[in-house]
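The structure appears right after this line, and notes come after that.
The values are calculated or read from the model by the stated rules, or taken from the named source; none is laboratory data. In this text the structure is predicted, and so the values were computed from the model without any measurement. Quick reminder, even Gly has a Cβ in these numbers, built from the backbone with ideal geometry, and neighbours come from all protein chains shown. Calculation scope for accessible area: heavy atoms of the full protein, side chains included, ligands and nucleic acids excluded. Shrake-Rupley method; radii C 1.70, N 1.55, O 1.52, S 1.80 Å.
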Amino acid sequence: MSIPPSKSELPRRIDARKLVQREQQLSGKVPVAGLERLAAAVDSVEEDVRADLEFARDLQGHFTVTGQVHGAVTLLCQRCLQPMPVPVEGEFHWGVVWSEEQGKALPKELDPVIQDSDELDLYEVLEDEILLNLPMVAYHDEECVASEHFRAGDESAGEDEQRENPFKVLEQLKGSSGKS
Ligand SMILES: [Zn+2]
C-alpha cells in the first residue's frame, strides 16, 4: 500500500490500531488552522507543519509510530523583541497505548501516546512534538538591532572582553583594522 508523497493534509483523526496492523505510512501536513496551541506559544506560525509517520509493530508487539515533524515559526528575539524565523524539527518514536498504565509499562525508548477512544487526534499529538522541540528563547545571531544595548549591558565582557562576543569582534573588524 503506497501513499503518494503528498502535500495533502494528514487526517486529523486516526485509528492507530488499524494503521499499525496495516503497517501504514503517512506523509502530509497539519494546516496552521489546526495548531492553536502552537499559535498561542509563538509570535506566528509561518507554515503548515509537515510530518512523516510510519506505523508498525515492534518485535515485542508494541504498537509503534516512528516519524519526523518539521515546521517554521516566528519567535521574538529576546534582545531586541523583533520577530525572527525559527525552524522547528523533531523526531519521535511513539508507543500507542490505551491507558496510562499501559503507557508506564512501555520501554523507555517509546514515548507513550494514549488513544483513549476509537480514534486518536493526530494533529494534537504532532503539535505536542513541535511544542516539545520549540526553543525556549530565541536571539538573533548577527542582525540584532539591539546589539548596541547588548554590548553595553554585558558585564561579563568587562575584563577579558572582545574574545567571546561576536558583536565586539565585528566591531573590531570594521572599526580598527590597524590592530588585531
Ligand atoms: Zn534581535
Just need the relative contact order of region 13-132 here, percent rounded to a whole number, with Cα pairs under 8 Å and 6+ apart.
26 percent
For region 38-86, what does the accessible surface come to per residue with a 1.4 Å probe? Please give it in Å².
49 Å²
Take every Cα pair under 8 Å in region 24-94 that's 6+ residues apart, average their separations, divide by the length, and report that relative contact order as a whole percent.
28 percent
Starting from the 7 Å offset along Cα-to-Cβ, what nm value, one decimal, do you get for the label separation of Q21 and D141?
4.9 nm
Report the local net charge at D58: Lys and Arg +1, Asp and Glu -1, summed over other residues whose C-beta lies under 14 Å from its C-beta.
-2
Scalar couplings 3J(HN,Hα) for region 85-90 by Karplus 6.51 cos²θ - 1.76 cosθ + 1.60 (θ = phi - 60°), nearest whole Hz, x for Gly and Pro, are x, 9, x, 10, 9, x
Using only protein heavy atoms and a 1.4 Å probe, report how much of T74 is accessible, in Å² to the nearest 10.
10 Å²
